[in-house]
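The values are calculated or read from the model by the stated rules, or taken from the named source; none is laboratory data. Predicted model only: the values in this text are computed from it and were never measured. Note that each Cβ is placed from the backbone with ideal geometry, even for glycine, and that neighbours are counted across all protein chains shown.
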Amino acid sequence: MKWNLSLTMALFASMFLLAASPAAADEGYPKTITDMAGRVVTIDGPIERIITTNPDNSRTIIALGDGEKIVGTDEATIGSCICPKHGSEEICPSCWENVCGGGLAAIPQTSTRYEVNYELMVSLEPDVIFETMFWSDRADDMQNKVGCPVVCVGTDFDFDVVSSQIRLVAEVLDRQDEAEDLIDFIDSEVEMVRSVTLGLDESEKPTVYFAPRGAKLGFYDPKEGRDFTRTVNFYEPLEVAGGRNVAEDSEGGEINVGIEQIIAWDPDYILVACSTPDDKEAVEWIKTSADLQSIAAVRNGDVHNCFYPYCRGMPIDRSLLNMIYMAKMLHPDKFEDLDLEEEGNKIMKAFLGVDGVFTEYADYLVWPREYLDTL
């Protein structure tokens with residue numbers, strides 16, 4: 001009996017020493033990080049269970065290789081903001097089945113645009129929650145209610161700044177090598193286009209009116225305060241692609257403008273964001289609108305769809321798609337050899353890890369396939 005007690009004590013002692021050994025300490029836990037809201041957050045150990053509250057953070061986690069660790073997320077992530085979807089139809093089934101362990105659609109919905117299901121979050125026992133900067137004011141309350149670290153990571157619309165967001169997520173997940181690979185990929189895609197357009201004279205850059213909210217509701221949507229007359233004074237994919245935004249000198253970021261202003265700008269091109277096959281016909285309405293016939297883009301038939309740049313954030317993969325598409329559209333002679341479909345599939349695979357997603361997305365939206373067939 002005495003021997004057994006001594007043996008038991010020895011075993012406990014060895015377990016304690018193992019837990020306190022340098023090897024365990026070398027794992028770097030606990031560690032503290034400063035999130036994008038300036039909050040100091042402590043991570044106690046390796047992350048195995050993740051909850052996200054917006055698709056941009058979900059997309060980054062998937063791109064870094066930890067999609068199977070997402071145990072709860074928002075309605076936009078499991079809606080159509082990661083893998084293409086129209087209503088209940090999954091446009092690219094392989095995407096929905098493979099980007100997360102057990103399938104993207106099977107992940108419990110823990111939040112919406114307006115509500116958070118804290119009880120469900122607690123039951124899922126997350127190691128970390130990635131919150132969007134849009135709702136960073138609720139991060140401390142969420143951390144207290146759920147009992148795990150909450151890290152705020154913002155959506156930035158600048159190619160040169162998005163790397164800081166990726167690195168922050170990677171630091172929490174210990175995916176630093178994967179982060180650098182992803183950043184290198186983004187940089188290489190941007191440089192492929194920028195290296196050509198950077199040398200263009202301003203006179204070689206066509207002027208563009210960009211309608212990032214589409215035009216399916218006409219000139220103005222009184223409910224959301226946006227539609228064809230809603231524009232932005234800066235959209236980096238357009239700038240990198242070698243276009244001149246006619247609204248660049250306007251104040252206020254995202255702005256509503258009058259039809260008279262668009263006519264006065266007289267853009268060479270009009271690009272209208274399209275998110276579903278039904279929206280593609282909006283360009284025909286613009287081309288035939290009696291109010292717009294004096295605009296050069298309308299007279300010359302240069303009114304075109306483009307990829308919808310938003311989805312509860314600003315998906316970096318769509319920004320890259322628009323950059324390449326706009327470059328080919330605005331400067332066809334300089335980007336004749338740039339294969340949009342090949343690059344599109346490469347971009348989608350970098351973020352989703354699935355082959356052929358762009359091809360299926362192009363077929364679903366219809367207008368990209370029609371455009372590709374003209375090349």
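Side notes on the structure shown:
- For segment 91-119, a residue qualifies if it is within 19 Å of the chain's Cα centre (by Cα), over 13 Å from ILE62 (Cβ atoms) and crowded, with 19+ Cβ neighbours inside 10 Å, and the qualifying residues are CYS92, SER111.
- Across segment 88-126, the number of residues qualifying as among the small types (Gly, Ala, Ser) and either touching a Phe, Trp or Tyr at 6+ places or on another chain (Cβ under 8 Å) or not in a loop (DSSP other than H, G, I, E, B) (or both) comes to 6.
- So HIS331, is it in contact (Cβ under 8 Å) with a residue 12 or more places away in the chain, closer than 17 Å to ASP279 by Cβ and more than 22 Å from the chain's Cα centre (by Cα): no
- Condition check for ALA282: at pLDDT below 95, in a helix (DSSP H, G or I) and in contact with a strand residue (DSSP E or B) (Cβ under 7 Å, 6 or more places away or on another chain): yes
- Qualifying residue in segment 129-143 (condition: within 11 Å of GLY72 (Cα to Cα) and either modelled with pLDDT of 95 or more or assigned to a helix (DSSP H, G or I) (or both)): yes
- Residue in segment 249-268 that is surrounded by fewer than 20 Cβ atoms within 10 Å (Cβ to Cβ), closer than 30 Å to SER58 by Cα and among the acidic types (Asp, Glu) present: yes
- The conditions of being farther than 26 Å from ASP333 by Cβ, of a type in the set (Phe, Trp, Tyr), in contact with a strand residue (DSSP E or B) (Cβ under 9 Å, 6 or more places away or on another chain) and surrounded by 18 or more Cβ atoms within 10 Å (Cβ to Cβ) are met by PHE228.
- Residues of segment 53-92 that turn out to be touching an Asp or Glu at 6+ places or on another chain (Cβ under 7 Å) and hydroxyl-bearing (Ser, Thr, Tyr), as a count: 1
- Some residue of segment 290-300 being buried (at least 17 other Cβ atoms within 10 Å of the Cβ) and either under 28 Å from the mean Cα position of the chain (by Cα) or in the same structural domain as ARG113 (by TED's automatic domain parsing) (or both): no
- Checked against the criterion of being without any contact (Cβ under 8 Å) to a residue 24 or more places away in the chain, within 20 Å of the chain's Cα centre (by Cα) and within 23 Å of GLU343 (Cα to Cα), segment 196-206 has no qualifying residue.
- The single condition among (1) under 22 Å from the mean Cα position of the chain (by Cα); (2) at pLDDT 95 or above; (3) outside any strand (DSSP E or B); (4) farther than 30 Å from ASP127 by Cα that PHE210 does not satisfy is (3).
- Residues (on the phi > 0 side of the Ramachandran plot and either hydroxyl-bearing (Ser, Thr, Tyr) or touching a helix residue (DSSP H, G or I) at 6+ places or on another chain (Cβ under 7 Å) (or both)) located in segment 103-144: GLY103
- Any hit, segment 157-166, residues being of a type outside the set (Val, Ile, Thr) and under 19 Å from ILE43 (Cα atoms): yes
- Any hit, segment 307-326, residues being hydroxyl-bearing (Ser, Thr, Tyr), free of Cβ contacts under 8 Å to residues at least 60 places away in the same chain and farther than 17 Å from TYR371 by Cβ: no
- Test for ASP158: is it exposed (fewer than 15 other Cβ atoms within 10 Å of the Cβ), assigned by TED's automatic domain parsing to the domain that holds ILE129 and either outside any helix (DSSP H, G or I) or not hydroxyl-bearing (Ser, Thr, Tyr) (or both): yes
- Residue within segment 77-87 that is part of a helix (DSSP H, G or I) and either in the same structural domain as ASP278 (by TED's automatic domain parsing) or closer than 25 Å to SER123 by Cβ (or both) present: no
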